[in-house]
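Q: My questions all concern the structure below.
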Amino acid sequence: PPPSPAAAMRAALGLTVVSGALLGARATLKTGGPPTIGAPQESSKPGRFLTNAEATRTFAWTATTRTAWEAMEITFPRSAGWANGCFWEVGCSAGRVMTQAVVADWVENELLGGPDPFREHGGEVPVPWPSQGGTGDQLGDGQYVAYSRRQVCFIVAKAVLGADTQGYANGLTRILGKTVWRCGSPAPSVPRPPEHQPSALSGDFGISLWNLLSACAADPSLEDGQQGPLLLAAKGKARLEVEAVREAAGRAKLEEAELAACRYDDGDAGPVTGAGFAEMPTDICTPPTSGAPGRDFMSGGVTRVHGQAIQDI
């Protein structure tokens, strides 16, 4: 079946936009007034920016430098390589297809031309500002940040259309504007205009960003200016030294360890039974259905069983 916008969003980009655009950034000038110091925000109101960082700073956008069609031409010269997609939520059978024209119109008129998803922050982008230094990004150990899906789509669209953040050299805009000779084209046989130098926008990264924006345009949770669900980026606590991990492993006892397995989407889905396998509850091992994910050992949450692995290999 056709993918859902949420699935396409995960497949195209996951949280790369959040971590790349806002967390993997350089600040050249601290603007936006004094930082807001406080505890983690508790509200999960749609569109509410959330972080447990010690401070937050906001940054204004510069003007875009190209239209959506011009940006598409950088990634898909003469439309070569663009794939029209449809999503089950918006009715593939009804002919609602995410063509270049549909996506370009949505980006310019409904996303960037519609209600500002950062209006609660005066139209500026809030960025976590940890007190911990030398982290290489905008989160300290054990911290998180969340933006709404519409805010993430908005950030991507602004960067793809050439906008920057004033006083803050965000990572997404920097990488899209950097010439990278090894970045190819989705259609090498189609000549690239000489003014379009190879960059992340002209290669696979640009394709992923436009796939994301196609999913955004089709997402019913973003209709009429809605913010949609929150997307979360979290950073683990300080990394232990290798020797400390080895020492702990040497003391670990596995006498009571049990093995339970879940076949998620590869044939006879469900808990694996047989000699040597512990019983796995069926409510944490269910196959996916049309338009909805199932549950497996990576799902986590309150239904996790003791000792359940939550990190894939």
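Q: Restricting attention to the stretch 126-146, report how many residues are at pLDDT below 90 and open to solvent by less than 40 Å² (accessible area, probe 1.4 Å).
A: 2
Q: Phe205 is checked against (1) open to solvent by 20 Å² or more (accessible area, probe 1.4 Å); (2) over 16 Å from Pro117 (Cβ atoms); (3) at pLDDT 90 or above; (4) not charged (D, E, K, R) and fails just one. What number does that condition carry?
A: (3)
Q: Across the stretch 84-94, what is the number of residues that are closer than 23 Å to Pro293 by Cβ and either in contact with a strand residue (DSSP E or B) (Cβ under 8 Å, 6 or more places away or on another chain) or at pLDDT 85 or above (or both)? Before the answer, list the steps.
A: Filtering the stretch 84-94 down to residues closer than 23 Å to Pro293 by Cβ leaves 85-93.
Going one step further and asking which of them are either in contact with a strand residue (DSSP E or B) (Cβ under 8 Å, 6 or more places away or on another chain) or at pLDDT 85 or above (or both), we end up with 85-87.
Residues that pass the stated criteria total 3.
Q: Now for a different question. For the structure I just gave you, tell me whether Asp105 is of a type in the set (Asp, Glu), surrounded by 14 or more Cβ atoms within 10 Å (Cβ to Cβ) and either touching a Cys at 6+ places or on another chain (Cβ under 7 Å) or more than 29 Å from Gly203 (Cβ to Cβ) (or both). Talk me through it step by step, then tell me what you get.
A: Working: of a type in the set (Asp, Glu): yes; surrounded by 14 or more Cβ atoms within 10 Å (Cβ to Cβ): yes; either touching a Cys at 6+ places or on another chain (Cβ under 7 Å) or more than 29 Å from Gly203 (Cβ to Cβ) (or both): no.
Answer is no for this residue.
Q: What residue, among those in the stretch 259-273 that are charged (D, E, K, R) and open to solvent by 90 Å² or more (accessible area, probe 1.4 Å), is farthest from the chain's Cα centre (by Cα)? Working first, answer last.
A: Taking the stretch 259-273 and keeping what is charged (D, E, K, R), we get 263, 265-266, 268.
Among the residues that remain, those that are also open to solvent by 90 Å² or more (accessible area, probe 1.4 Å) are: 263, 265, 268.
On the way: Arg263: 27, Asp265: 24, Asp268: 31 Å.
Per the criteria, the residue is Asp268.
Q: State which residue pairs qualify: first residue at positive phi and inside the stretch 218-234, second residue among the polar types (S, T, N, Q) and open to solvent by less than 20 Å² (accessible area, probe 1.4 Å) in any location, beta carbons under 7 Å apart, and separation of 6 or more residues or different chains.
A: Correct list of pairs: Gly228/Ser148.
Q: Check the stretch 274-289 and report whether any residue there is open to solvent by 70 Å² or more (accessible area, probe 1.4 Å) and either in contact with a Phe, Trp or Tyr (Cβ under 6 Å, 6 or more places away or on another chain) or assigned to a helix (DSSP H, G or I) (or both).
A: yes
Q: On to the next question. Could you please find all residues in the stretch 235-258 being surrounded by 10 or more Cβ atoms within 10 Å (Cβ to Cβ), free of Cβ contacts under 8 Å to residues at least 24 places away in the same chain and either of a type in the set (A, V, I, L, M) or in contact with a strand residue (DSSP E or B) (Cβ under 9 Å, 6 or more places away or on another chain) (or both)?
A: Leu240, Ala244, Val245, Ala248
Q: Which condition number does Gly81 fail, the rest of (1) at negative phi; (2) assigned to a loop (DSSP other than H, G, I, E, B); (3) modelled with pLDDT under 90; (4) among the small types (Gly, Ala, Ser) being met?
A: (1)
Q: For the stretch 110-118, does any single residue satisfy the condition of being outside any loop (DSSP other than H, G, I, E, B) and not hydroxyl-bearing (Ser, Thr, Tyr)?
A: At the first step, the residues of the stretch 110-118 found to be outside any loop (DSSP other than H, G, I, E, B) are 110-111.
Still in the list and also not hydroxyl-bearing (Ser, Thr, Tyr): 110-111.
Yes, the stretch 110-118 contains at least one residue that is outside any loop (DSSP other than H, G, I, E, B) and not hydroxyl-bearing (Ser, Thr, Tyr).
Q: Which residues, taken from the stretch 214-253, are in a loop (DSSP other than H, G, I, E, B) and over 29 Å from Gly134 (Cα atoms)? Can you show your working first?
A: Taking the stretch 214-253 first, the residues in a loop (DSSP other than H, G, I, E, B) are 219, 226-229, 235-241, 252-253.
Within the stretch 214-253, Asp219, Gln226, Gln227, Gly228, Pro229, Ala252, Lys253 qualify.
Q: Going by the structure shown, is Pro186 open to solvent by 60 Å² or more (accessible area, probe 1.4 Å) and at pLDDT below 95?
A: Details: open to solvent by 60 Å² or more (accessible area, probe 1.4 Å): no; at pLDDT below 95: yes.
So Pro186 does not fit the description; no.
The values are calculated or read from the model by the stated rules, or taken from the named source; none is laboratory data. Everything numeric in this text was worked out from a predicted model, so none of it was measured. With ideal geometry, Cβ positions are generated from the backbone for all residues, glycine too; neighbour counts draw on all protein chains shown. Heads up: the accessible areas ignore ligands, DNA and RNA and are worked out on the full protein's heavy atoms, side chains in. Shrake-Rupley method; radii C 1.70, N 1.55, O 1.52, S 1.80 Å.
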